[in-house]
Amino acid sequence: MKKVLIITYYWPPSGGIGVLRCLKFAKYLRQFGWEPVIYTASNPQYPYIDHSNDKDIPEGIEILKHPIFEPFSLFKKFTGKKKDEPISNPLVTKAKNRGIIETLAIWIRANFFIPDARAFWIKPSVKYLTNYLRENKVDAILSNGPPHTNTVIACWLAQKFSIPWLADFQDPWTQVDYYSLFPIGKRADHIHKKLEQEVFATADKITIASPTWKKDLEKIGAKNVDVIYWGYDEDDFKSIAQKQTEKFTIFHAGIFGHDRLSPTLFEALKELIEEIPSFSSDLEIQLFGMVDHTVIEEIKRNNLMGHTTLGGTIGREVVLQKMIAAFLLLLPLNKSLNINGRLPGKLYEYLRSYNWILAIGPDSSDVSQLLDQTSSGKIVGFDEKEVQKKYLQDFYKLYLNKEYRSKNKESIHEYNVRKQTQNVASYLNQIIEK
């Protein structure tokens, strides 16, 4: 069986959505003739721990680990944050009172940690893997970024050993939404873009998570780019009870940052409570994960706290159970320059739940096209209160009529992660044949 070295920072017991891309590739690659070898950090500082992902680690897989130095503990001491407090970038949370010390720390992060905060892992990893590759043959390398520290490690190894390399981008590099939010100077910006172009010139194949982002990468010089969707894993749903809540439950899981906030959505919900007698007793809003204070303030301003559960971070199996039980799944996109290409990983699990989806974002986006293709829901602009209100009324009517599930299941099945991994294996076969 052919061997592929997968370079990934995120690996179980990491929680969150980011760990799933390489984990699911590794889970299914053997079915398509590829034996994965994992390289990851031995002492990572993951924001969340979730051991429910451990079951997907293939039996007997070779896992290489090497220590990493990460500046997050120093950042927390420097800024006065608690030891167990998760760190997020400026896109995710909008600080109420960001002082000069934290502002300085973010500036240092933006200008001296290139390509990202795991940059000190690059040289030790290249040295460690150089020794490994001199004694162990692999047929190809697959890297996943961000963090694009992974991408740089793979790039330098591919150059050194002339090993075919597939560079996977679950998010772009200099085109990622939060890049423009960091206070990156001209020197740092030049280094980022030079490294990015080096990756484009070295990689034998590039994959990325959406059609629009594929075009965006090609515009700045990337070649041989194709789309690998996040997908969902059918196995994750086998043990989930198909139990529906009695409430008109609006559900969101994951990061709900200030950049995803639509104040008019909560205003529309408030007006529906005032206009429809039964709506108040039926409405339940469930928000799990990191919720920015600006979102909570809008909920309070519209007197919706009595209808809202802020559940914090919970395990993925529990998230899936609550997702299945909900009626309407909320998908607010990031307000960013590359919003049209953002296809969040959780979208595919939303789709596989077969529940209705209400996305907040532009009608020109890839999300809009996917919802249309699968007949799974609606998308509406951030400030279109009347349209938001109409769609919420339409979904509420479906709820009253007990029309719980979307109908076009066959088109949804096209996005299962096994099929996406088959495409990855096909690309790996192509690059080693060259």
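The values are calculated or read from the model by the stated rules, or taken from the named source; none is laboratory data. Here the structure is a predicted model, which means the values were calculated and not measured. Cβ: placed from backbone, ideal geometry, glycine included. Neighbour counts: every protein chain shown. When the accessible area is computed, the model is the full protein with side chains, heavy atoms only, and any ligands, DNA or RNA have been set aside. Shrake-Rupley method; radii C 1.70, N 1.55, O 1.52, S 1.80 Å.
Pick from P344, P362: which is closer than 28 Å to Y28 by Cα, touching a Gly at 6+ places or on another chain (Cβ under 9 Å) and open to solvent by 10 Å² or more (accessible area, probe 1.4 Å)? Steps first, please.
On the way: P362 fails: closer than 28 Å to Y28 by Cα.
Checking each option against the conditions leaves just P344.
Check G311, G315 and return the single one that is surrounded by fewer than 20 Cβ atoms within 10 Å (Cβ to Cβ), touching a strand residue (DSSP E or B) at 6+ places or on another chain (Cβ under 6 Å) and of a type in the set (G, A, S).
Details: G315 fails: touching a strand residue (DSSP E or B) at 6+ places or on another chain (Cβ under 6 Å).
Going through G311, G315 in turn, the sole match is G311.
Counting only residues that are more than 11 Å from E70 (Cα to Cα) and either modelled with pLDDT under 90 or not β-branched (V, I, T) (or both), which one in the range 110-126 is most open to solvent (accessible area, probe 1.4 Å)?
Kept after step one, since they are more than 11 Å from E70 (Cα to Cα), are these residues of the range 110-126: 110-112, 114-115, 122-126.
Next, from what is left, pick out any that are either modelled with pLDDT under 90 or not β-branched (V, I, T) (or both): 110-112, 115, 123-125.
On the way: A110: 1, N111: 11, F112: 125, P115: 13, K123: 153, P124: 51, S125: 0 Å².
Ranking the qualifying residues of the range 110-126, first place goes to K123.
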Output the number of the condition that D259 fails; it satisfies all remaining conditions of (1) modelled with pLDDT under 95; (2) open to solvent by less than 40 Å² (accessible area, probe 1.4 Å); (3) farther than 25 Å from Q369 by Cα; (4) part of a helix (DSSP H, G or I).
(3)
Answer yes if at least one residue in the range 265-283 is farther than 26 Å from S364 by Cα, surrounded by fewer than 16 Cβ atoms within 10 Å (Cβ to Cβ) and under 25 Å from the mean Cα position of the chain (by Cα), and no otherwise.
no
Given (1) at pLDDT 95 or above; (2) closer than 30 Å to F256 by Cα; (3) touching a strand residue (DSSP E or B) at 6+ places or on another chain (Cβ under 9 Å), index of the condition L133 fails
(2)
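Report, by residue number, each residue of the range 368-390 that is among the hydroxyl-bearing types (S, T, Y) and surrounded by 20 or more Cβ atoms within 10 Å (Cβ to Cβ). Spell out how you get there, then give the answer.
So in the range 368-390, the residues among the hydroxyl-bearing types (S, T, Y) come out as 368, 374-376.
Once the filter is applied, which keeps residues that are among the hydroxyl-bearing types (S, T, Y) and surrounded by 20 or more Cβ atoms within 10 Å (Cβ to Cβ), the range 368-390 yields T374, S376.
Inside the range 178-195, can you point out the residues that are open to solvent by 10 Å² or more (accessible area, probe 1.4 Å) and either of a type in the set (G, A, S) or under 20 Å from V19 (Cα atoms) (or both)?
Residues satisfying the conditions are Y178, S180, G185.
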Failed item in (1) assigned to a helix (DSSP H, G or I); (2) under 26 Å from S411 (Cα atoms); (3) of a type in the set (S, T, N, Q), with T264 passing the rest:
(2)
Please tell me if I357 is touching a Gly at 6+ places or on another chain (Cβ under 6 Å) and closer than 30 Å to D216 by Cα.
yes
Any idea which residue in the range 391-419 is surrounded by the most Cβ atoms within 10 Å (Cβ to Cβ), counting only those that are among the charged types (D, E, K, R) and part of a helix (DSSP H, G or I)?
R418
Would you point out which residue out of V291, V295 is open to solvent by less than 20 Å² (accessible area, probe 1.4 Å), under 21 Å from L265 (Cα atoms) and either β-branched (V, I, T) or free of Cβ contacts under 8 Å to residues at least 12 places away in the same chain (or both)?
V295
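When the residues of the range 237-256 are narrowed to those that are on the phi < 0 side of the Ramachandran plot and under 17 Å from the mean Cα position of the chain (by Cα), which ends up surrounded by the fewest Cβ atoms within 10 Å (Cβ to Cβ)?
Just the residues of the range 237-256 that are on the phi < 0 side of the Ramachandran plot, to begin with: 237-253, 255-256.
The next check asks that each one be under 17 Å from the mean Cα position of the chain (by Cα); those that pass are 252-253, 255-256.
Working: H252: 24, A253: 25, I255: 20, F256: 23.
Only one residue fits best here, namely I255.
Can you pull out the helices (runs of 4 or more DSSP H) entirely within the range 272-385 that have at least 2 residues that are among the small types (G, A, S) and in contact with a Leu (Cβ under 8 Å, 6 or more places away or on another chain)?
Numbers: elements: 279-282, 293-301, 316-325, 345-353, 366-374.
In the range 272-385, the matching helices (runs of 4 or more DSSP H) lie at 345-353.
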Within the range 134-145, which residues are open to solvent by 20 Å² or more (accessible area, probe 1.4 Å) and either of a type outside the set (S, T, N, Q) or farther than 24 Å from P36 by Cβ (or both)?
R134, E135, K137, D139
Give the residues of the range 159-174 that are touching a strand residue (DSSP E or B) at 6+ places or on another chain (Cβ under 7 Å), open to solvent by 10 Å² or more (accessible area, probe 1.4 Å) and within 14 Å of T212 (Cα to Cα), sorted by residue number.
Q170
